[in-house]
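Take a look at the structure set out below.
The values are calculated or read from the model by the stated rules, or taken from the named source; none is laboratory data. As the structure is a computational prediction, the values presented were derived from the model and not from experiment. Backbone-built Cβ (ideal geometry, glycine too); neighbour counts: all protein chains shown. Each accessible area value is taken on the protein alone, full model and side chains, heavy atoms only, with ligands, DNA and RNA left out. Shrake-Rupley method; radii C 1.70, N 1.55, O 1.52, S 1.80 Å.
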Amino acid sequence: MAPNTTPSSGAASPTASVLDAPLASAVHPTAARRPDDAITVQSANTTYTDEFITAKFENRGADVVVLEEGRYTIKPTVKPFEFRTQRKVPKTGLMLVGWGGNNGTTLTATILANRHNISWHTKSTVQHPNYIGSLLRASTIRLGLDATGKDVYAPLSDLLPMVHPNDLVLGGWDISGASLDEAMKRAAVLEWDLQRQVAPFMKEMGAPLPSVYYPDYIAANQAERADNVLPGADKAVHLEKIRGDIREFKAAHGLDKVIVFWTANTERYSDIIPGVNDTADAILASIKTSHEEVAPSTLFAVASILEGSPFINGAPQNTFVPGVIELAERHGSFIGGDDLKSGQTKLKSVLAEFLVNAGIKPLSIASYNHLGNNDGWNLSSDRQFRSKEISKSSVVDDMVAANHLLYKTKAELEVANGGPLPKTKDGKEAKGEHPDHIVVIKYVPAVGDSKRAIDEYYSEIMGGGRSTINIFNECEDSLLATPLILDLSILAELLTRINYKEAGKDADFKPLYPVLSLLSYMLKAPLVKPGTDVVNSLSRQRNALETFLKACIGLEGSSDLLLETRIW
C-alpha cells in the first residue's frame with residue numbers, strides 16, 4: 001500500500017498530466033465544506049469553549065404499570081443529563097477490510113472524485129461528484145421557525161463538528177492482491193469515464209494489505225481471488241499482524257484515530273460454544289489455540305478493540321459473539337453492526353411500519369432478490385446465504401410486537417395452545433404471532449451490481465378482506481452502500497468525542513456505552529446492548545439519532561405538533 005493516501009487540497013497529482021482537462025463544476029452541496037460552528041445555540045443550557053460544547057438535556061419518558069383489563073397507570077419521568085463534545089475534529093483514517101471489493105473501491109473512487117472535483121461524462125450528461133445517499137451529508141433537520149413562521153432546515157452534519165469525507169485517509173486489507181485501480185475495473189460499478197480519470201490516483205494507492213483467509217468461512221468460489229493472504233493458520237499470529245497494521249497505518253499518516261470497517265465477504269455464522277467464544281477470556285484463549293469457530297471478522301474486531309479503534313461490521317454474520325461484546329465493554333472500545341441496510345430491507349422497514357401503524361395486518365412478506373456482483377457470487381453458497389437470511393428476516397419484529405391488537409402475543413398463543421410453544425426449526429424460542437416471512441437471493445451474473453428486488457406484502461383488511469402490495473426495486477448495490485459506510489464511520493468517530501454524565505449521579509463525564517446502537521439507521525440487524533430490545537423501525541431509528549445529536553447542543557428533539565398553527 002503506497003503512502004500517498006493523505007487528503008490534498010485538490011491540486012493535481014504527479015500523474016495528472018495524463019488526464020484530460022477537468023470539466024469545470026461547482027462543488028456539490030453534499031460535498032461542500034461548511035463551518036464547524038454553523039449552528040450556535042443561545043441558551044443557558046448550552047456553553048461553548050474552545051475545546052468543548054457542553055449541553056444540559058432532560059430526557060423525558062414514562063414508567064408504565066399494566067393493570068388488568070387493559071388499564072394502565074403512567075408516571076412521567078425526567079432524567080437530567082449533561083453531554084460534552086470535543087470540538088476539534090481529529091485526523092482520521094478509515095481502514096477497510098475488503099478494500100479491493102465493490103464497496104471498497106467505490107468508496108475510494110467517490111472520495112477521490114470529490115476531493116479532486118472530478119466530473120465525468122455519462123451517455124446523456126455530465127455528472128458531478130457528490131455524496132448523495134449519505135444521511136449526514138445529504139439530509140436535513142428541522143431547527144425551528146424563522147421570524148416569518150417558516151420552517152428552517154439545516155444539513156444534519158451541521159449539528160456537531162464531524163470529519164469531512166474528503167479528509168478520510170484510506171487504507172485496508174483484502175484477500176485479493178489486485179491494485180486499487182484494477183480492483184475498481186473488476187468491480188464494474190462506476191461509469192467508465194470516471195474510472196478513467198480516478199485510475200491514476202487509485203494506482204498511486206497501491207494494493208491492499210494481505211488479509212486473513214479461512215476457507216471454511218466464505219464460499220469456495222472465492223478461492224480464486226485469495227492471492228493476498230496472511231501465511232499460516234496461527235490465529236494469534238494473525239491477530240498481532242492486524243494490530244501491527246493498524247498501528248503502522250496510524251503512525252505512517254500521523255493519524256489521531258483509525259476506524260476499522262468490515263466490508264468483505266459475508267461469512268457463515270459461528271457456532272456459540274461455552275468456553276470458546278461466550279466470554280472475553282474465552283475468545284482470547286480460543287484465538288491462542290486457533291479454534292475453528294473464530295471467524296476472520298471476529299479476529300479483526302478483537303484486533304480493533306485491543307488497539308482502541310472503533311470497529312463496524314458491515315456484513316450479516318455474527319462477528320460480535322458474546323465474548324467480543326464483553327471484550328469491548330472491558331476495554332471501552334466502540335463496536336457497531338451488523339449488515340448495511342441500503343435497499344430492499346430499508347424499504348421493508350418503512351412499509352411494514354406503515355401497514356401496522358395504519359391498523360392493517362400483514363400476513364406474509366415474501367422477498368426475492370437477484371444480483372450478479374461478487375457479493376451475490378459468495379451468497380450463492382448456502383451457509384453464507386443463511387447469514388444474510390437471518391439479518392433480513394428480523395427487520396419487522398419490533399413493529400409486529402408493538403401491535404397486540406393485530407398480532408397475538410406469545411403468552412396469548414400459549415394459552416390457546418394449552419402450554420409452552422414448541423421451538424422454531426432453528427431451535428430458538430418461539431415468538432408471538434408473526435407474518436410469514438421468506439427471503440430468497442439468487443446469483444445472476446448478467447445484472448452485475450444492479451440488484452433486483454421483488455417484494456409482496458399480503459395483508460388482512462376489514463371484514464376478512466385481503467390487500468396485496470407488490471414492489472419491484474432496482475438498485476445499484478455499491479452506490480447505495482458506499483454512503484452508509486461513510487455515515488457509519490464518521491458517526492463512530494464523532495461518538496468517541498462525546499461524553500456524558502447523569503446530573504445528581506455522576507461526578508465526572510464518561511464515554512458512551514461501547515455498543516453503538518445509535519448507528520441502527522444504517523444497519524439491517526442493529527447490534528444493541530445485551531438484554532435490550534432491537535428497534536428496526538426506520539423512523540424511530542432516525543428520530544433517535546437526530547434527537548441525540550440535538551441533545552448534545554441542548555435542543556429538544558423534533559416535534560411535529562406545530563402547536564403555533566393548531567390552537568391559535
Residue hits (region 172-211; closer than 18 Å to Phe261 by Cα, of a type outside the set (Gly, Ala, Ser) and open to solvent by 20 Å² or more (accessible area, probe 1.4 Å)) are Ile175, Leu209, Pro210
In region 30-82, the residues that are closer than 27 Å to Leu136 by Cα, open to solvent by 100 Å² or more (accessible area, probe 1.4 Å), charged (D, E, K, R) and in a loop (DSSP other than H, G, I, E, B): Arg33, Arg34, Asp50, Glu51
Which one is farthest from Gly100 (Cα to Cα), of the residues in region 467-485 that are in contact with a Ser or Thr (Cβ under 7 Å, 6 or more places away or on another chain), open to solvent by 20 Å² or more (accessible area, probe 1.4 Å) and at pLDDT 90 or above? Ser467
Considering only region 496-516, how many residues are open to solvent by less than 70 Å² (accessible area, probe 1.4 Å) and either among the charged types (D, E, K, R) or modelled with pLDDT of 95 or more (or both)? 14
Criterion first (surrounded by fewer than 18 Cβ atoms within 10 Å (Cβ to Cβ), of a type in the set (Phe, Trp, Tyr) and under 25 Å from Leu340 (Cβ atoms)) does Tyr521 satisfy it? no
So if I check each of Asn265, Asn277, which one is crowded, with 20+ Cβ neighbours inside 10 Å, farther than 24 Å from Glu326 by Cα and in contact with a helix residue (DSSP H, G or I) (Cβ under 9 Å, 6 or more places away or on another chain)? Asn265
Starting from region 437-463, keep only residues that are on the phi < 0 side of the Ramachandran plot and modelled with pLDDT of 90 or more, then list their pairs with residues that are outside any strand (DSSP E or B) and of a type outside the set (A, V, I, L, M) whose Cβ atoms are within a distance under 8 Å, requiring at least 6 positions of separation or different chains. Asp455/Gln344; Asp455/Lys348
Where Leu406 falls short, out of the listed (1) assigned to a loop (DSSP other than H, G, I, E, B); (2) modelled with pLDDT under 90: (2)
Identify, please: which residue in region 405-452 is in contact with a strand residue (DSSP E or B) (Cβ under 6 Å, 6 or more places away or on another chain) and open to solvent by 40 Å² or more (accessible area, probe 1.4 Å) and is, among those, nearest to Gly372 (Cα to Cα)? Val444
Mind checking which residues of region 433-447 are in a loop (DSSP other than H, G, I, E, B) and either over 15 Å from Val395 (Cα atoms) or charged (D, E, K, R) (or both)? Glu433, Val444
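Starting from residues that are acidic (Asp, Glu) and over 35 Å from the mean Cα position of the chain (by Cα), keep the ones in region 66-82 and report whichever is modelled with the highest pLDDT.
My answer is Glu68.
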